[in-house]
Amino acid sequence: MPFFKNLKIYILHSSFDIMLKLKYNRSKAMKDKWNNKDYRKKQIKAHTGKTYDKSSNWQGGKQKHTDGYMWRYSPNHPFKTQRNCVFEHRLIMEEYLRKFKPNHKFLIEINGKKYLRKGVQVHHINEIKNDNRLINLKIFDNVEEHSRFHSRRLDIPSKEVIKLHKTKSIIELSKIFNCSISTIYKRLRTNI
C-alpha cells in the first residue's frame, strides 16, 4: 500500500462539529522539484488550456458517464452538452438513420445536416448501457412510449413464462414476448 505510506489523518474536535482532515506528504524529491521555479513554470504551461484531443490523456473522444452510458466528443453537434459531448447510442442511431432512412420522422435538419430530434429515446434492448451496437438499439418517439415498452411486463403471463423457461433460454423468451431480458428475469423472480 504505497499510497497510504505518507498519508496522515488528523481529527479535529470542536464543541459543534468533528472534522476529519487528510494530509498527504509529498516525497522530498518531489518537493525539491516543485520548488524549482523553471520546473513549476514548465508544468503549469504543459497542463494549462489542454482540453480533449490536445490533452495527454486523450482516449479517442470516448468516456463513460456516471450512469454507465458512453459519451463521445462531438463539438459541432447542435445538441451537445457543455463539455461538447453527446451520448454515443444517439450518435450511432443518428448515423444509421441519416445513411439508410434519410427522410425518417425522427430526424430534423439543422444547417443542411440531419440530426436525431431532441425528445427521441434510444433504448438498449439487452439493457447493457455501454453496448452500442446497432442491433442492440431500438428507437422510441418519446419518453412515454419508451416507458410503455418497459411496462409491458404487466401483460406477460408469468405461468406461461415459467412453463416456456424449461425449454427456452431467457433471450428466446424476450424475443417471443417482445420485451427486455430484465422483464423476463423479473417475471421469473416474482413467481418462483
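The values are calculated or read from the model by the stated rules, or taken from the named source; none is laboratory data. Quick caveat, the model's predicted, so the values are computed rather than measured. Methodologically, a virtual Cβ is constructed for each residue, glycine included, from the backbone with ideal geometry; neighbour enumeration extends over all protein chains shown.
Does Asp53 fit the bill of being at pLDDT 85 or above, assigned to a helix (DSSP H, G or I) and over 29 Å from Glu145 (Cβ atoms)? When the stated conditions are applied, Asp53 does not pass them. Looking at the structure I just gave you, is Tyr115 touching a Pro at 6+ places or on another chain (Cβ under 8 Å) and modelled with pLDDT of 90 or more? When the stated conditions are applied, Tyr115 passes them.
Taking Ser174 as the residue in question, decide whether it is part of a helix (DSSP H, G or I) and surrounded by fewer than 17 Cβ atoms within 10 Å (Cβ to Cβ). The answer is no for Ser174. Condition check for Asp38 on (1) at pLDDT 60 or above; (2) in contact with a helix residue (DSSP H, G or I) (Cβ under 6 Å, 6 or more places away or on another chain): one failure, at (2). Residue-level check: of (1) modelled with pLDDT under 80; (2) within 23 Å of the chain's Cα centre (by Cα), Ile184 misses just (2).
The range 63-170 holds helices (runs of 4 or more DSSP H) entirely within its bounds, and those carrying 2 or more residues that are closer than 29 Å to Arg189 by Cα and of a type outside the set (Ser, Thr, Tyr) map to 143-150, 158-165.
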